[in-house]
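In what follows, a single structure is set out as structure tokens and then discussed.
The values are calculated or read from the model by the stated rules, or taken from the named source; none is laboratory data. Nothing here was measured: the structure is a model prediction, and the numbers come from that model. Positions of Cβ are generated from backbone atoms using ideal geometry, with glycine treated the same way; all protein chains shown enter the neighbour counts.
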Amino acid sequence: MRKALLIPLLFGFAGAAILIYLGLWQMERLGWKQDVLANIESRIAADPVALPVGPDPAEDQYLPVRVEGAFGEGALRVLVSRKRVGAGHLIISPFTTQAGRTILVDRGFLKLDDALTDPPADTITITGNLHWPDDRNSSTPENDVAGNTWFARDIAQMAEVLGTEPLLLTTREVSQPDGALTPLPVDTSGIPNDHLQYAVTWFSLAAIWLVMTGYYIHRSRRTAGT
């Protein structure tokens, strides 16, 4: 009888070991991801610098920048939704710095029912972060450029429409109020970190696997004894 139970016993322990290994691997990934997020948050909150020449999307993602200048004409509306607030638009406008460079500026969030006012006409100071957003996936509709309804912040396309450099600055602070707009600074909330959930799932499956193995062996022994 013991030989008959050896195979399910080994199968049970082997399966549980694999599941536990996967759980431990996810815990390692969790630590790695937390370090990545901490580094990004530290970078976002660093002291702002001048707008770099020829910024690199990989090296300068989230780079804090401070610029002075004035907004130009044009306001692209990117359809978004905020938790506990509802639907609205991110407003993207051209901004010309005192050095003569014209870039895209994400001015902030506007509720659907609020009216968009003209940006401040005076020279203003904007502090924010360079951002190359990854808004588009396989289900994202194409932007309706003619109707000014955008579903993704496609920087190259927006820059072409507004006649700017393909460079986006997401506002964190502005020296003058900008109507009903609420700045939405970049942060790490949109970066997924599900490793703890995955680890709990694997560990739970390991426990269930062992319980089911024990139950199978217990039932087999009772059946053999009758």
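Summary of values
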read-out	value
Tally, over segment 48-76, of residues that are in a loop (DSSP other than H, G, I, E, B) and at negative phi	16
Residue 93 being over 23 Å from residue 178 (Cα atoms) and either polar (S, T, N, Q) or surrounded by 12 or more Cβ atoms within 10 Å (Cβ to Cβ) (or both)	no
Yes/no for residue 70 being in the same structural domain as residue 132 (by TED's automatic domain parsing), within 20 Å of residue 158 (Cα to Cα) and surrounded by fewer than 16 Cβ atoms within 10 Å (Cβ to Cβ)	yes
Search result, residues across segment 131-160 that are within 16 Å of the chain's Cα centre (by Cα), farther than 25 Å from residue 59 by Cα and either outside the structural domain of residue 102 (by TED's automatic domain parsing) or surrounded by 16 or more Cβ atoms within 10 Å (Cβ to Cβ) (or both)	151
Which numbered condition residue 188 fails, given (1) of a type in the set (Val, Ile, Thr); (2) assigned to a loop (DSSP other than H, G, I, E, B); (3) more than 28 Å from residue 46 (Cβ to Cβ)	(3)
Residue list for segment 76-109, restricted to those being closer than 16 Å to residue 120 by Cα and without any contact (Cβ under 8 Å) to a residue 60 or more places away in the chain	96, 97, 98
Unique residue being exposed (fewer than 14 other Cβ atoms within 10 Å of the Cβ), outside any strand (DSSP E or B) and among the basic types (Lys, Arg) when the list is 84, 43, 29	84
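Okay, residues lined up against (1) outside the structural domain of residue 88 (by TED's automatic domain parsing); (2) touching a residue at least 24 places away in the same chain (Cβ under 8 Å):
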site	(1), (2)
162	no, yes
165	no, yes
169	no, yes
183	yes, yes
187	yes, yes
191	yes, yes
205	yes, yes
208	yes, no
216	yes, yes
